[in-house]
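Derivation of every value follows stated rules applied to the coordinates shown; laboratory data play no part. Quantities reported herein were computed from a predicted structural model and do not represent experimental measurements. Note: ideal-geometry Cβ built from the backbone for every residue, glycine included; neighbour counts use all protein chains shown.
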Amino acid sequence: MPKAFAADERERIREQLLAAGRSCFERYGLTKTTVEDLTRPVGIAKSSFYLFFSSKEELYAEIMFEEMPEMMRRLAEASYERTEDVREALVLLMHAIVREIETNPFSKAMLDRPEEFVRLARSVDVERLLQRGAALFAPLAAWIEDRQRRGEIVDGDPQDLVYALGLIKLLPLNRDRVPEPLYRRMLALIPRILAEGLTCPTQEATR
């Protein structure tokens, strides 16, 4: 039977498991990380892990959602909080997404192993996952909705447009498959194409 822990001890162990999870998932990925890999550095039994998380997938999701608020703040500061020009803001946002993936080890680990999202979707409450994700992206969706009201961004569900902007992640995902000069040219071109497609044609008349 797993050992019972006092409240302060539970909080300390939970934080240690989050730290161990981040390290292991960045190094090995979700699939290859074992519960023993997670509990060994914390000094608890494998059975005790389940007093804190129902599975390693739940731990992975928790780390992902701990990372995202700060990431979303950086994305906002680098894009739509930086300029009033809607197309420029969208281009800056997509470049910031790519930069986040290229420089954030946990983001890169998630991106380099897209099959793990399938595993995650099969192992956790997907509806709850989507709800938490929508809450984190709410400021961006609200900005898009405001620009739609101004006639600057095309009609459509703001959340769907957020997902459309996220397609830029496919570029760094395939970085190793294309020559570096081509990658850089595509990084300059694709955000402009997507931004032009998401903004209203009347924007040209207002420039």
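Working out 0.36 nm times the residue gap between E145 and E67, then minus their Cα-Cα distance, what length gain in nm do you get to one decimal?
Here the segment from E145 to E67 would lengthen by 25.6 nm.
Express in nm, to one decimal, how much length is gained between R12 and K46 on full extension, taking 0.36 nm for each residue of separation and deducting their alpha carbon distance. Walk me through the numbers before you get to the answer.
Numbers: separation 34, 0.36 × 34 = 12.24 nm, distance 1.66 nm.
That pair, R12 and K46, stretches by 10.6 nm at full extension.
Which of A20, F53, T31 sits farthest toward the positive end of the charge dipole of the stretch 7-53, with +1 on the Cβ of Lys and Arg and -1 on the Cβ of Asp and Glu?
T31
The stretch 1-96: D in µm²/s via Stokes-Einstein (Kirkwood Rh, Cα pairs, 10 °C, 1.306 mPa s)?
Stokes-Einstein gives a translational diffusion coefficient of 103 µm²/s.
Just how far, in whole angstrom, is the stretch 147-174 from the stretch 30-80 if you go by their alpha carbon centroids?
27
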